[in-house]
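Everything on this sheet refers to the single structure shown next.
The values are calculated or read from the model by the stated rules, or taken from the named source; none is laboratory data. Computed from a predicted model, the values in this text were never measured in an experiment. Methodologically, a virtual Cβ is constructed for each residue, glycine included, from the backbone with ideal geometry; neighbour enumeration extends over all protein chains shown.
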Amino acid sequence: MINLNHCLLLLALILSNSLAHAVTLQTYTPVSERLPIDLASYTSGNANFMHDLYRLFWKLNLDAEVPSIDIALDVKTGGCEAKSTKEERIFDYEYANTPTPILARETVYMCTGFEFNPPHPTNASLLATGHIVEIRPMIDPATMPYVHHYIVGACKGNTEKYRSMVGKPTECMTNGFDVMDVCPIMVYGWAVGSGPLVFPPVAGLPFGDPSDPFDTRHLLLQVHYDNQMPERTPAGLHDTSGLVIRYTFDKRQHDTALIHLGDGMVMGDPMPFGTEGKRRELEYTCPGECTALWPWDITAFASSLHMHKYGRQMWSSITSLATDPDVVTTTTDLDRTDFYEFEFQHVSHIHKVIKRGDRLNVHCVYDTSQNLFPHMRPNDTKVSFGLASEDEMCIDYIYYYPRFPNQPDNSICGMSLYLPAIP
């Protein structure tokens, strides 16, 4: 058992040694009468310091039988924001969403279109082109408890369906109004606890090319609102969460894109509560036969592991399948979190080469010993996979370059395998 003083000592050691790799620490210790840190000086249970390289999270459990504090330390080094150089100037575009009402319903998805079309730096009559180099979340503090996650999609800007959503919050997904036909490309996702997506110096998201079917001038913000107590919804409450797009007019070497590994279509089979084991593991495989069809090898530069409240552990891996019997088949982690907490999600900045023919696996471990939402779903006997917060997911969002020319056809890869329940 590690006490809070030991945790802070370890934090000091990590800072002093400037580790080059991500480290996550989680401890469980009784709350003392006087904490050696002033929690009141931080906001929303987390603090960023040293240029966002280090993040300290905590969660107070004062209502438990034994009051406790959960602490998570996330150390991220190697650059956490896009840096400008003499050759490349970086600009900021801030988008706050059109005020969107918080409805008195448990689960609502709302979609709003917006244009990212910065003016040309030297000639206003020309269409500006360049690369997006960083995306930072901007969550409305007044509605933060209701914002479960959001995604940003690239859309076909000349369609009537997309134009009808520009500047107009429109319910989608939860009412059968699908937007994937006009906004098929996901370019960024935010979930509770996660931070910015920073692109490597050699790559970015392109904008300003009318001939590019995946151009990012026409965007969609799709927000999942989670209202645990609809009957207590404040009247007139509106959300203006958005994002900051950092961009340059200088074209970088590569265009980037995103692949959904795991259960990208959210079609997993239900998991029963209780009797079959407290923990259940699911494995999804993107087989080498599929990656062998890619036009080229890719470099994964970021990963975001995503489950909901039943999730306890998650990791993804790359297996290089040897065709030569004298060569050993190797498996390495793509991304991993051994202590998954829904409130502590983050974007991992990585550098992993995925070759054609490699097998990609995603593992998700859940604690299904009891119903976590008895007040909302008292009659449930199992956990379903779906869009609601009470449902589950198992997706690893992988950001990569160079982008495939037929990117939508290669944006989802994964087939499921249910492993025996863990007693």
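Here are some notes:
- Being out of contact with any Pro (no Cβ under 8 Å at 6 or more places or on another chain) and touching a residue at least 40 places away in the same chain (Cβ under 8 Å) is not true of ALA203.
- For region 270-278, the criterion of a residue being more than 30 Å from PRO374 (Cβ to Cβ) and touching a strand residue (DSSP E or B) at 6+ places or on another chain (Cβ under 6 Å) is satisfied by no position.
- Taking the numbered list (1) within 21 Å of the chain's Cα centre (by Cα); (2) not assigned by TED's automatic domain parsing to the domain that holds SER348 in turn, LEU261 passes all entries but (2).
- Hits in region 253-269 - residues which are touching a Phe, Trp or Tyr at 6+ places or on another chain (Cβ under 8 Å), more than 23 Å from CYS111 (Cα to Cα) and modelled with pLDDT of 90 or more: HIS254, ASP255, THR256, LEU261, GLY262
Residues are listed down the side, and each one gets a yes or a no for (1) modelled with pLDDT of 95 or more; (2) exposed (fewer than 15 other Cβ atoms within 10 Å of the Cβ); (3) closer than 22 Å to THR100 by Cβ:
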{"site": "VAL182", "(1), (2), (3)": "no, no, yes"}
{"site": "TRP190", "(1), (2), (3)": "no, no, yes"}
{"site": "GLY195", "(1), (2), (3)": "no, no, no"}
{"site": "ASP215", "(1), (2), (3)": "no, no, no"}
{"site": "MET229", "(1), (2), (3)": "no, yes, yes"}
{"site": "ARG232", "(1), (2), (3)": "no, yes, yes"}
{"site": "THR248", "(1), (2), (3)": "yes, no, no"}
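- Single residue of region 396-415 satisfying the filter (at pLDDT below 80 and touching a strand residue (DSSP E or B) at 6+ places or on another chain (Cβ under 8 Å)) that is farthest from ILE185 (Cα to Cα): MET415
- Taking strands (runs of 3 or more DSSP E) as the structural unit, those lying wholly within region 145-245 and holding at least 2 residues that are under 15 Å from the mean Cα position of the chain (by Cα) correspond to 147-154, 185-191, 218-226.
- THR285 being among the hydroxyl-bearing types (Ser, Thr, Tyr), farther than 17 Å from ILE412 by Cα, modelled with pLDDT of 90 or more and surrounded by fewer than 22 Cβ atoms within 10 Å (Cβ to Cβ): no
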